[in-house]
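Just below is one structure, and these are the notes that go with it.
Read-outs: derived from the displayed coordinates by stated rules, not from any lab. These numbers come from a predicted model, not from an experiment. Positions of Cβ are backbone-derived with ideal geometry, glycine not excepted, and every protein chain shown enters the neighbour counts.
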Amino acid sequence: AGLVRITYDMYSIPDRLDCFYKGVLVASTGGLVSGSATLQWAYNPQPGDPSWCLVVMSAPNSGTAWVYTLNCPT
């Protein structure tokens with residue numbers, strides 16, 4: 001249990017990042033963004049809950065590049 005942090009850099013061409021846990025959106029850039037920032041969400045699993053999340057990147061513009069790091073709960 002703890003905070004999950006996602007640090008990203010979308011560089012100059014905007015992209016979108018959405019993070020889902022158990023099918024629920026738990027963190028998002030909220031739309032297309034450029035530059036770098038950090039998202040976080042509280043991970044409080046119950047017995048039998050998954051120990052993974054799904055990150056979905058949306059990069060609709062040509063020439064785009066992005067990188068992200070997802071850290072385990074602290």
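DSSP beta bridges confined to the chain are antiparallel in about 100 percent of cases.
Computed from Cα atoms alone, the Kirkwood hydrodynamic radius reported for the chain is 12.9 Å. Among 6-15, 50-59, 25-34, the peptide with the highest mean count of other Cβ atoms within 10 Å heads the list, and the full ranking is 6-15, 25-34, 50-59. Based on Cα contacts under 8 Å between residues 6+ apart, the chain shows a relative contact order of 50 percent. Relative to the current alpha-carbon distance between Leu25 and Thr38, full extension at 0.36 nm per residue lengthens the span by 3.1 nm.
Please tell me the relative contact order of segment 2-45 in percent, rounded to the nearest whole number, where contacts are Cα pairs under 8 Å and at least six residues apart.
Computed over segment 2-45, the figure is 51 percent.
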